[in-house]
Amino acid sequence: MGAEKAHKRMTAVHFLQRLVFITIGAFMMGLALEVFLVPNQVIDGGIAGISIIVSEITGLPLGLFIFILNVPFLLLGYKQIGKTFAYSTLYGIAVMSVTTSWLHHAEAFTSEKLLAVLFGGVILGAGVGLVMRFGGSLDGTEIVAILISKKSKISVGQIIMFINVFIFIVAGFVFGWDSAMYSIFTYYIAFKLIDIVVEGLNESKSVTIISNDYEEISGAIMDRLGRNTTFIYAKGGYMKEDIQMIYCVVTRLEVAKLRSIVQEIDRRAFIAIEHVSDVMGGNFDKANIH
């Protein structure tokens, strides 16, 4: 009974944490749009970009179109993306729409387009990244891309790219080609910030090592790096010999030292290093180095 109550309490904490950070992220995107980008005729990609263009043409509030254009895609993909994600996304879009409506008549922070692009892109990317990190989204084009990708051989990333290229071309006709090019730059900055926020600054790398000196290498990694290792049994495809592989996860800053440790012991060792977007559970904490 006590354990069950503790579980419910943790669930409530996680729910509140998600709510707070999605609210902050959605507010940041609304702030970036209305105070930096839109007043300087710079747009974002996706539904937000389409909404800015339609708002400019019709003269109606941006927040209205952000909500109206996103909701149909959310309903369309409800079964594909799951209830929790759908509700989180709907809430985030609602907060962003209200924020843009509230700030619609606010004075722009700067009239210098380059500064607007830099600061607007950073704030926008950080906001979207926060929402994504805590289980939501602020753009219906991602849902459209997922649905199209399931029925075609085109990847989600390619579909989003095609949609955004079309949006930026239309923006060129509506706002001028200088604004369209600034918008592409803004989108690139935001895209990079999303990666940083979602994946974190401390990137992890998974390392697979194949060597006959696997025991010595494993011991050196644990002693000199403080990282735990795992042995994986395998069989060579050509010689059919039994192979002992070493697997471990290190931070980006530890890769060079790990490579040096392995090559000191066996210069012919096979080392494969891959990017890991997230590390959870297990024993990833760094042990004391002897």
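The values are calculated or read from the model by the stated rules, or taken from the named source; none is laboratory data. If you're wondering where the values come from, they're calculated on a predicted model, not measured in any experiment. Positions of Cβ are generated from backbone atoms using ideal geometry, with glycine treated the same way; all protein chains shown enter the neighbour counts. Heads up: the accessible areas ignore ligands, DNA and RNA and are worked out on the full protein's heavy atoms, side chains in. Shrake-Rupley method; radii C 1.70, N 1.55, O 1.52, S 1.80 Å.
Which members of region 75-126 meet the condition of being among the basic types (Lys, Arg) and in contact with an Asp or Glu (Cβ under 9 Å, 6 or more places away or on another chain)?
Result: 113, single match.
Tally the residues that are modelled with pLDDT of 85 or more and basic (Lys, Arg), restricting the search to region 173-211.
1
Could you check, for region 99-115, whether at least one of its residues is assigned to a helix (DSSP H, G or I) and over 21 Å from residue 50 (Cα atoms)? Lay out the reasoning, then the answer.
First, pick out the residues of region 99-115 that are assigned to a helix (DSSP H, G or I): 99-102, 113-115.
When the remaining residues are screened for being over 21 Å from residue 50 (Cα atoms), the result is 114-115.
The answer is yes, given that some residue of region 99-115 is assigned to a helix (DSSP H, G or I) and over 21 Å from residue 50 (Cα atoms).
Which members of region 141-177 meet the condition of being within 30 Å of residue 87 (Cβ to Cβ) and open to solvent by 80 Å² or more (accessible area, probe 1.4 Å)?
Result: 150, 151, 158, 161, 162, 166.
Can you tell me which residue in region 121-140 is nearest to the chain's Cα centre (by Cα), limited to those that are open to solvent by 10 Å² or more (accessible area, probe 1.4 Å) and among the β-branched types (Val, Ile, Thr)? First the steps, then the outcome.
So in region 121-140, the residues open to solvent by 10 Å² or more (accessible area, probe 1.4 Å) come out as 122-123, 126, 128, 130, 132-135, 139.
Within this subset, residues satisfying the condition of being among the β-branched types (Val, Ile, Thr) are 122-123, 128.
Details: 122: 13, 123: 14, 128: 8 Å.
Step by step, filter region 121-140, then rank; the result is 128.
Condition first: outside any helix (DSSP H, G or I), open to solvent by 60 Å² or more (accessible area, probe 1.4 Å), in contact (Cβ under 8 Å) with a residue 12 or more places away in the chain and of a type in the set (Phe, Trp, Tyr). Can you find one or more residues in region 56-77 that meet it?
Scanning region 56-77, I find no residue that is outside any helix (DSSP H, G or I), open to solvent by 60 Å² or more (accessible area, probe 1.4 Å), in contact (Cβ under 8 Å) with a residue 12 or more places away in the chain and of a type in the set (Phe, Trp, Tyr), so the answer is no.
Quick check on region 203-248: of everything there that is without any contact (Cβ under 8 Å) to a residue 12 or more places away in the chain and part of a loop (DSSP other than H, G, I, E, B), which residue is least open to solvent (accessible area, probe 1.4 Å)?
Here the answer is 236.
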